[in-house]
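Let me begin by presenting the structure, written as C-alpha cells, before commenting on it.
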Amino acid sequence: MSQTAPEPPTETDAPVRIVLVDDQELLRTGFRMVLNSQPDMAVVGEAGDGQAALDLLATLEADVVLMDVRMPRLDGVAATRELVVRGERPRVLMLTTFDLDEYAFAALKAGASGFLLKDVPPPDLLAAIRAVHSGEAVVAPSTTRRLLDKFAPMLPSESEPAPPELNVLTDREHEVLLLVAQGMSNAEIAGKLFLSEATVKTHVGRILMKLGLRDRVQAVVLAYETGLVKARGR
C-alpha cells in the first residue's frame, strides 16, 4: 500500500544532505545531476564502496545515503549495519538491481529505511528521499510483505512462541502492529478499528518507540520475524 509522499520543503528549510554510494561512477553522476537540480537537495559526498562510505560519513554530516548493495571491499548491507550500530544520523535507501532481491531483505534487517530499484523514475527517487528525510519508510508495507514472503525459510516456524519484546505492547498496539504488517495504511487501519488517523499515527509512533524501531519497514520485518504474521504458503 503506497504512502503519501511528503510535501517538498520550503526554500527556508535546509536542503537534504545526500551521500551517493555506488561503485559505478556513471550511475552516481546521473543521480547527482537529478538531485542537485532540486532546490531542497544537495549531494554532499560520494563513495565507491561501503568502507569508503563509512570513512566519508565519519567526516561530514548527511541526512540520507543512497547505498548500492553489491560493492567491492564492503557491501552496502554491511555498511548499513555499521551505520546503525554507530547510531549516526543518516537514513539509508538501498539501491538494488532486482526487485525482491535477497540483499534487499538483508538490508531491511540491517536497518535500511527502504530500497529502490536502480532504474527508479526521477520523481519517485525524489519522493523517496523526501519521505525518508521526514522519517517515513519508502517501501510500502505490501511490497515488504512480498519481499518477506519470498524468504519464508528465514522466518520462525509456527511452533515458535512470540518473543517477549512484543509483551511491552498494549492489546491495541499489538492489533495495530498486526495491521501495519498486513500492508494497511494509517487511513485503512483507522477505518477498520474505527479510530481517527491521528490516533493510529500515535499508536504507530508508540510501537516504534517501545520496540526500538526506526520506521514502519522495520516494524513489518519484526512482525514477520516474530511470527506475528506468517508468510504465505507456511
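The values are calculated or read from the model by the stated rules, or taken from the named source; none is laboratory data. Since the structure is predicted, the reported quantities are computational estimates derived from the model, not experimental observations. Glycine gets a Cβ as well: all are built from the backbone with ideal geometry, and neighbour counts include every protein chain shown. The accessibility values were calculated without ligands, DNA or RNA, using every heavy atom of the protein model including side chains. Shrake-Rupley method; radii C 1.70, N 1.55, O 1.52, S 1.80 Å.
Tabulated data for the structure shown
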{"item": "Surface per residue (accessible, 1.4 Å probe) for segment 13-108, Å²", "result": "44 Å²"}
{"item": "Cα-projected label distance for THR97 with HIS174, points at 7 Å along beta-carbon direction, nm", "result": "4.5 nm"}
{"item": "Per-residue SASA entry for ASP55, accessible area with 1.4 Å probe, Å² rounded to 10", "result": "80 Å²"}
{"item": "Heavy-atom accessible area ranking, 1.4 Å probe, most first, across LEU117, LEU95", "result": "LEU117, LEU95"}
